[in-house]
1. What residue, of E150, E166, is outside any helix (DSSP H, G or I), over 25 Å from K55 (Cα atoms) and either at pLDDT 80 or above or not β-branched (V, I, T) (or both)?
2. Note down all Cβ pairs under 6 Å where the first residue falls in segment 48-74 and is of a type in the set (G, A, S) and modelled with pLDDT under 95, the second is surrounded by 15 or more Cβ atoms within 10 Å (Cβ to Cβ) and assigned to a loop (DSSP other than H, G, I, E, B), and they're at least six residues apart or on different chains.
3. Would you say H127 is at pLDDT 90 or above and over 11 Å from the mean Cα position of the chain (by Cα)?
4. Being open to solvent by 50 Å² or more (accessible area, probe 1.4 Å), of a type in the set (D, E) and assigned to a loop (DSSP other than H, G, I, E, B) is the filter here, so list the residues in segment 68-108 that pass it.
5. Starting from segment 85-99, take each residue that is more than 10 Å from T111 (Cα to Cα) and list its partners that are of a type in the set (G, A, S) and not in a loop (DSSP other than H, G, I, E, B), counting only C-beta distances under 9 angstrom and pairs at least six apart or across chains.
6. If I filter segment 1-42 down to residues being in contact with an Asp or Glu (Cβ under 9 Å, 6 or more places away or on another chain), within 18 Å of M116 (Cβ to Cβ) and not in a loop (DSSP other than H, G, I, E, B), which single residue comes out as modelled with the highest pLDDT?
Amino acid sequence: RFLLLFGGRAMPTSNMIEWTASAGRIHANGEVFNIKGAHWFGTEGQHAMLYGLEKHGLDYYLEFLAANKFNSLRLLFNHEYVLSDPPTPYTDSRDGKATFDPGTTPELVGTTYVTMLETIVKKAAEHNIVVLLAAHRIHSHYPGQSLHAEWPGNWDGLWFDGQYPESR
């Protein structure tokens, strides 16, 4: 059994899935679990929000995934925002464009970075979609990078650096 910790908080265990593996297969609560997953980006960088939510609400996309028999979703995050937990932005700080529409995704209004991710995970669960949270990078952005070049040129791929040490 896994206890999920995110941002220093334990997630509720009442609806936890018991994950096991045997004979080269993944099992969820004793049943074979075949992964059909999607990758949804945006939360790992300065945008700090899933791309597309300025066009349609969160349920729109999750309903599409569920209707097409997707059962898994990979969401990215960065350590900087998990540790500092800033308010969820309504606009992208780089270009001023909307990051989400509060009218179609009101559950994200007033959230912080961590509670925004928690909300997305809970909404995905309502559609029977499990979420893999992946630490994509340490910082939300790197100095001197252009609008869309957020990947650092000299980063070694580790989950720590001088500003965010491994002990943290």
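The values are calculated or read from the model by the stated rules, or taken from the named source; none is laboratory data. Computed from a predicted structure; not experimentally measured. Cβ: placed from backbone, ideal geometry, glycine included. Neighbour counts: every protein chain shown. Each accessible area value is taken on the protein alone, full model and side chains, heavy atoms only, with ligands, DNA and RNA left out. Shrake-Rupley method; radii C 1.70, N 1.55, O 1.52, S 1.80 Å.
1. Of the residues listed, the single one that is outside any helix (DSSP H, G or I), over 25 Å from K55 (Cα atoms) and either at pLDDT 80 or above or not β-branched (V, I, T) (or both) is E166.
2. Between residues of segment 48-74 that are of a type in the set (G, A, S) and modelled with pLDDT under 95 and residues that are surrounded by 15 or more Cβ atoms within 10 Å (Cβ to Cβ) and assigned to a loop (DSSP other than H, G, I, E, B), the close pairs are A48/P89.
3. Judged against the criteria, H127 is a match.
4. Listed by number, the residues that qualify are D95, D101.
5. Listed pairs, sorted by first residue: Y90/A98; T91/A98; D92/A98.
6. R9
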